[in-house]
Amino acid sequence: MPFVIVAFLLAQPIKAGMAVKPVVCRPVEEAKGKSGAELAQAVESVALQFARTNYTLAALLPGDPPIACFRSLSDPSKLPIGAR
C-alpha cells in the first residue's frame, strides 16, 4: 500500500512557482573580483532575472562575491496556504 501512495505522488506534475519565499539571497558569482560599472552590470543582470519572477532587489551585501537579496512583490493573501 505505501508503494501505491509513493507512485501516486511521483506521478503528479510538479507545479513550479507555487511556493514563494518572502526573501531570497543569492551570491552574484559574475561580480566576483569586479568593481564600479562591471559590478553594477553583473548585479543588474541578476536583478533582471529575479524581476521576471516578481522580486525586487532589497539589499546588496559586500563580499567577494557580493550577495544580492531580493524581496517578493507578491501579495501574501493571494498565495496558496502552503506558500504563506
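Remark: pairs (first residue in region 42-53, charged (D, E, K, R); second residue at pLDDT 95 or above; Cβ separation under 8 Å; 6+ apart in sequence or on different chains) are absent.
Residues are listed down the side, and each one gets a yes or a no for (1) closer than 26 Å to Pro76 by Cα; (2) among the hydroxyl-bearing types (Ser, Thr, Tyr); (3) modelled with pLDDT of 95 or more; (4) surrounded by 11 or more Cβ atoms within 10 Å (Cβ to Cβ):
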position: Ala31; (1), (2), (3), (4): no, no, no, yes
position: Gly36; (1), (2), (3), (4): no, no, no, no
position: Leu39; (1), (2), (3), (4): no, no, no, yes
position: Ala51; (1), (2), (3), (4): yes, no, no, yes
position: Asp64; (1), (2), (3), (4): no, no, no, no
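Of all residues in region 1-29, those that are modelled with pLDDT under 85 and either of a type outside the set (Lys, Arg) or not in a loop (DSSP other than H, G, I, E, B) (or both) total 19.
The values are calculated or read from the model by the stated rules, or taken from the named source; none is laboratory data. As the structure is a prediction and not an experimental result, all values here were calculated from the model. Note: ideal-geometry Cβ built from the backbone for every residue, glycine included; neighbour counts use all protein chains shown.
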